[in-house]
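Notes to accompany the following structure.
The values are calculated or read from the model by the stated rules, or taken from the named source; none is laboratory data. What you see is a predicted model; the values in this text were computed from it and never measured. Note that we place each Cβ from the backbone using ideal geometry, even for glycine, and neighbour counts take in every protein chain shown.
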Amino acid sequence: MLVYKAVRQRFAQNQELCTMMETFRQMVNECIRIGLDNKISTLKKFSSNHYHDLKKYDIQSRYKLTAISQACGRLAQMKRSIREGRTPKSPYVQKPYLVSCYGFKINGMLLSIPVGDRRYVHIILNHHTQAILSDKSLKVKSFVITPDSISLGIQKEIDETKCDNVVGIDRNLRNVTVGNSDKVTMYNMEDLPKITYRTKKVTSSFKRNDHRIRQKVYSKLGNRMARRVRQFLNRISKDIVSKARESRSMIVLEDIKGIRKLYRKGNYQGRKYRGMMNSWPFYELQRQIQYKSAWEGIPVRFVSPVRTSILCPICGSRTQEDMFQHRQLWCSSCKRTIDRDVVAAMNISYKGLQRFCNPSGLSDEAMKGNLGTPVILRADGSKLGLKARSR
């Protein structure tokens, strides 16, 4: 299967590239305006009917095709959000950028980007990017340039790992529990709510009545908070994927949906509690685990979260909360107390093992009249297949 990843680095700004980025932004917004006016969100229909509308922009045609593709993607996302009942943001692009998958070259330590008239702008790649691109199995498919960074989209073909084990991941606000019946690891995430709380505390202390300055300060603090959260989750997801690779284990997550609807205004919850729960980055951890696992060939599957924190993972009986210990569950059959996050991780791994690793036999299992002698279900299914093919 083909897997994709991006390598990002900073670079010094170039005036010619800055001009191209602004032109590209204007083209994307023009395409979005045309798509909204004519209710078009497909690349084929837009290219065939409105490609000539971009001839006024002095830029190579390869970038015009990419601008149409970017605009159609934004319009399709907006339509999908409307169908799902959400209020979409404005699809128009505010910051200049440049995207292309045509015509660029990698020449050792240089990235050559075509700018027209057989001229190229050369960007020096840093040592980290060069070390990654030195792998001969990788192919550079595209690039994205912003005023302060450049990202290269890389691709490689990898075989999915044949897993011998399953690990379940239970995501909570203050911890992430990973494991199965053999071993359980709990990652402490107490710092994430603190990061969010401190950022909100600082933004609330800003009293200057100037919308432009306030927006600039809020944006700076919000971006800083997002970077810290991503870096924190990066360490956890990297450790989870590396241990799954070493043990050749499939990763199973809960298919969490509609969690934000539980913490809306009017649900009889406090404002601070809603803010804390809505800042829970459960999907960011899932995203990082998915792309890192795909790059290593480790399968990631999803199961229903129903009853994962209720049933005892040892005997299957319904547990009850311990009155004297917080987040502890008591099983009356096993006569023991277990942490509810450990219970959830073990039950998730059991669900994944039963659903994705339990053999269900061949499609041509033994049935009455197939063979003259008694057969064993599933064990003799292959014999039936051989007999049917020999006829």
Inset, instruction - Please find, among Tyr273, Tyr268, the residue that is more than 24 Å from the chain's Cα centre (by Cα), at pLDDT below 90 and part of a helix (DSSP H, G or I). - result: Tyr273
Inset, instruction - Within segment 97-112, track down each residue that is assigned to a strand (DSSP E or B) and at pLDDT below 90. - result: Asn107
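Rundown of residues vs (1) of a type in the set (S, T, N, Q); (2) buried (at least 19 other Cβ atoms within 10 Å of the Cβ); (3) more than 19 Å from Lys351 (Cβ to Cβ), yes/no style:
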| site | (1), (2), (3) |
| --- | --- |
| Val167 | no, yes, no |
| Ser181 | yes, no, no |
| Arg208 | no, no, yes |
| Gln215 | yes, no, yes |
| Gly222 | no, no, yes |
| Ile236 | no, no, yes |
| Ala244 | no, yes, no |
Legend entry - Scan of segment 248-271 for residues that are surrounded by 12 or more Cβ atoms within 10 Å (Cβ to Cβ) and farther than 30 Å from Thr185 by Cα, ordered by number: Gln269
Legend entry - In segment 116-173, the residues that are in contact with an Asp or Glu (Cβ under 7 Å, 6 or more places away or on another chain) and within 28 Å of Glu16 (Cβ to Cβ): Val121
Inset, instruction - Please verify whether segment 266-280 includes one or more residues that are of a type in the set (A, V, I, L, M), within 30 Å of Asn165 (Cβ to Cβ) and in contact (Cβ under 8 Å) with a residue 12 or more places away in the chain. - result: no
Inset, instruction - Just name the residue that is surrounded by the fewest Cβ atoms within 10 Å (Cβ to Cβ) out of those in segment 71-120 that are in contact with a strand residue (DSSP E or B) (Cβ under 6 Å, 6 or more places away or on another chain) and closer than 30 Å to Asn38 by Cα. - result: Cys101
Legend entry - Filtered residues of segment 152-164 (kept if among the polar types (S, T, N, Q) and buried (at least 16 other Cβ atoms within 10 Å of the Cβ)): Thr161
Inset, instruction - Go through segment 29-85 and count every residue that is within 16 Å of Leu98 (Cβ to Cβ) and either among the acidic types (Asp, Glu) or not assigned by TED's automatic domain parsing to the domain that holds Val99 (or both). - result: 2
Legend entry - Residue satisfying condition, being part of a helix (DSSP H, G or I), without any contact (Cβ under 8 Å) to a residue 40 or more places away in the chain and loosely packed, with under 12 Cβ neighbours inside 10 Å, within set Asp58, Asp37, Asp53: Asp37
Inset, instruction - Exactly one condition in (1) outside any strand (DSSP E or B); (2) in contact (Cβ under 8 Å) with a residue 60 or more places away in the chain is not met by Lys64; state its number. - result: (2)
Legend entry - Extreme residue, nearest to Arg8 (Cα to Cα), among residues of segment 113-165 that are part of a helix (DSSP H, G or I) and touching a residue at least 40 places away in the same chain (Cβ under 8 Å): Thr129
Legend entry - Checklist (1) in contact with a Gly (Cβ under 6 Å, 6 or more places away or on another chain); (2) without any contact (Cβ under 8 Å) to a residue 24 or more places away in the chain; (3) not aromatic (Phe, Trp, Tyr) applied to Leu110, failing item: (1)
Legend entry - Residue that is nearest to the chain's Cα centre (by Cα), among those in segment 318-361 that are outside any helix (DSSP H, G or I) and buried (at least 16 other Cβ atoms within 10 Å of the Cβ): Asp339
